[in-house]
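Notes for the one structure printed next.
The values are calculated or read from the model by the stated rules, or taken from the named source; none is laboratory data. None of these values were measured; they are calculated from a predicted model. Glycine gets a Cβ as well: all are built from the backbone with ideal geometry, and neighbour counts include every protein chain shown.
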């Protein structure tokens with residue numbers, strides 16, 4: 001009877017006290033992302049009520065655990081907070097999370113060069129005594145790959161000090177320290193990195209399966225696992241010899257030899273999805289500000305698809321976090337290995353990383369070509385790596401205006417007789433070489449594609465490249481080897497990225513020539529270069545008009561010409577600032593400098609010449625519509641009547657020409673006046689939102705699933721000749 005009574009009591013207690021389980025990342029000492037709706041989640045008795053209360057506002061947020069016992073709430077955090085608590089109630093159980101900071105949370109991920117600990121970095125002895133920074137908190141995810149997605153990982157939040165920082169990512173530490181100093185805010189750093197891991201190891205299975213190219217990683221892995229015994233037998237002799245060598249080394253009191261590496265086919269961290277399952281899936285609802293990433297070395301054998309792989313990884317994480325296009329800043333691989341461009345692999349990884357900058361929104365790349373080590377794949381100088389990543393975050397995420405955040409990036413080339421002029425982004429302050437030495441590591445080729453060492457000199461913000469042996473040059477490369485010494489920098493001491501001109505997509509760079517006349521009717525458009533709108537947003541349109549555009553300039557005006565081979569044409573907007581995007585409409589969005597953070601002009605004009613013109617810093621923010629009198633100053637020549645209604649169903653070609661006075665632009669935003677070498681950022685569009693055949697076409701590719709022209713991060717570049 002007594003045993004039965006005890007058993008009944010235990011059953012009663014188990015139903016009354018609903019045990020609260022929380023993942024390790026929700027624990028004492030954590031940092032919660034400021035001014036955000038942050039997810040808090042865990043497990044409890046199925047169908048039990050769970051409430052969460054933050055000490056900063058004492059508001060109670062309640063939910064019910066589902067049939068599996070899982071629950072999740074979102075609580076609003078303040079802009080700042082220290083020594084906060086989080087109280088979670090379920091039944092008669094209460095859990096309190098203590099010593100919480102409200103600040104900025106960043107995920108630090110990748111492979112061994114992100115994983116490399118501060119205590120083994122080159123500045124460790126100097127830095128560790130200065131690492132007592134209690135407003136920086138550290139969380140390290142234990143690297144344990146898993147076949148299945150896990151709900152939790154091993155790890156705990158700790159305050160940053162000389163002991164805890166020693167075993168933390170050196171790159172992550174230097175990045176976080178600089179943010180903490182410049183922002184004067186608490187910083188939370190989550191280190192989820194794993195040495196020797198491939199990019200596909202960090203991705204979800206459904207992401208790889210949905211892409212025919214990337215699905216090949218899963219197919220290959222299944223085949224490798226089917227033949228695992230073969231690879232293990234292949235490895236066995238080397239492993240046995242190593243064990244014998246270890247015993248000999250111990251007996252002779254010599255250093256132990258390194259264990260031989262497993263064949264790539266069965267290395268756990270090479271396998272797709274396994275690292276993601278264990279090190280990303282358990283933490284992915286945790287609210288973050290952004291990601292810093294250092295990886296690529298283990299993908300040297302798949303460099304040909306690394307661009308597609310890396311870009312898919314970024315989209316995969318953004319999709320699963322459900323926080324929009326959060327910042328994703330990454331490290332371009334440094335110099336390493338041998339000077340042999342014919343057998344190089346890292347150069348293609350660097351090129352894929354460079355192209356990702358323009359292919360994926362809200363990304364940034366820290367160039368580290370100058371901090372590599374020819375004899376060590378793990379260079380120990382991590383302070384400049386963390387610093388350069390922090391520059392991107394400070395400038396692009398936190399809005400610091402006076403920070404140069406990138407070294408020179410290849411933009412365009414122009415053949416000038418027997419020389420080639422190279423244009424760069426992020427060179428407006430000027431270019432230089434390290435120690436004022438002559439430029440090196442440039443090569444040049446003619447029609448035969450045989451690259452020879454080249455002469456190169458800085459000319460203003462550009463570089464001129466030539467060889468006395470090549471009279472008709474066609475292409476230039478810079479830093480084109482796995483290991484190479486490069487010395488081109490901008491005046492902010494940031495290095496230029498390696499590049500090759502013959503394999504860069506120049507669709508979004510346009511050379512603007514000078515106009516022959518300031519009279520719009522007399523302009524000779526045949527002298528202008530032609531660009532074409534070949535990209536589309538949303539689903540591929542059933543009607544895809546051929547759209548060409550040309551631009552010219554002089555001291556007073558920017559001249560724009562559109563030619564549209566169209567069908568289903570309509571124009572009902574008739575007054576300035578009408579919603580002409582609903583009509584058959586050609587649009588010119590531009591920032592009159594290279595800094596898109598200053599905002600942009602959006603000039604939209606329907607086929608009848610009706611104009612909408614605003615300036616705004618981003619969609620819907622600080623909007624400045626042009627006055628009617630200023631709109632009237634824009635001279636327009638339209639081939640179509642002002643009103644086209646009903647819609648013209650038959651094929652028809654229409655044109656627009658207009659002249660934008662530069663003086664009126666200055667009334668709404670600071671303008672860098674067009675002149676030789678000046679660069680603006682821009683995109684050109686064609687739309688027809690409310691015609692029978694809507695479409696959204698672009699000149700510079702906009703990498704978004706739905707139409708949105710108000711995305712200056714995808715603008716191309718106008719270079720004035």
Fill in: Residue list for the stretch 262-280, filter: more than 26 Å from residue 388 (Cβ to Cβ), assigned to a loop (DSSP other than H, G, I, E, B) and touching a helix residue (DSSP H, G or I) at 6+ places or on another chain (Cβ under 8 Å)
262, 263, 271, 272, 273
Item to complete: State all residues of the stretch 87-103 that are part of a strand (DSSP E or B), touching a strand residue (DSSP E or B) at 6+ places or on another chain (Cβ under 9 Å) and farther than 11 Å from residue 29 by Cα; if no residue qualifies, say none.
Response: 87, 88, 89, 90, 94, 95, 96, 103
Item to complete: Considering every residue within the stretch 341-364, establish whether at least one is surrounded by fewer than 23 Cβ atoms within 10 Å (Cβ to Cβ), assigned to a strand (DSSP E or B) and in contact with a strand residue (DSSP E or B) (Cβ under 9 Å, 6 or more places away or on another chain).
Response: yes
Worksheet item: Taking strands (runs of 3 or more DSSP E) that do not extend beyond the stretch 374-457, which have at least 3 residues that are in contact with a strand residue (DSSP E or B) (Cβ under 7 Å, 6 or more places away or on another chain) and crowded, with 22+ Cβ neighbours inside 10 Å?
Response: 409-416, 419-425
Discussion item. So for the stretch 621-630 (the condition being surrounded by 12 or more Cβ atoms within 10 Å (Cβ to Cβ), modelled with pLDDT of 95 or more and touching a helix residue (DSSP H, G or I) at 6+ places or on another chain (Cβ under 8 Å)), does at least one residue qualify?
Written reply: yes
Practice prompt. Output the number of residues of the stretch 596-609 satisfying the condition of being surrounded by fewer than 21 Cβ atoms within 10 Å (Cβ to Cβ) and free of Cβ contacts under 8 Å to residues at least 40 places away in the same chain.
Written response: 0
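Report those strands (runs of 3 or more DSSP E) wholly inside the stretch 528-639 carrying at least 2 residues which are closer than 16 Å to residue 687 by Cβ and touching a strand residue (DSSP E or B) at 6+ places or on another chain (Cβ under 8 Å).
Once the strands (runs of 3 or more DSSP E) in the stretch 528-639 are filtered for at least 2 residues that are closer than 16 Å to residue 687 by Cβ and touching a strand residue (DSSP E or B) at 6+ places or on another chain (Cβ under 8 Å), what remains is 546-553, 557-566, 569-571, 585-591, 600-606, 611-616.
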Worksheet entry | Single condition residue 235 does not satisfy, out of (1) surrounded by 17 or more Cβ atoms within 10 Å (Cβ to Cβ); (2) part of a helix (DSSP H, G or I) | (1)
Discussion item. When you check residue 317 against the structure, is it at pLDDT 95 or above and buried (at least 20 other Cβ atoms within 10 Å of the Cβ), yes or no?
Written reply: yes
Response to the item:
residue 184: passes all of (1) farther than 27 Å from residue 307 by Cβ; (2) within 26 Å of the chain's Cα centre (by Cα); (3) in contact (Cβ under 8 Å) with a residue 40 or more places away in the chain but (3)
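Per-residue answers, yes or no, for (1) outside any helix (DSSP H, G or I); (2) closer than 30 Å to residue 711 by Cα:
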residue: 243; (1), (2): no, no
residue: 253; (1), (2): yes, no
residue: 285; (1), (2): yes, yes
residue: 310; (1), (2): no, yes
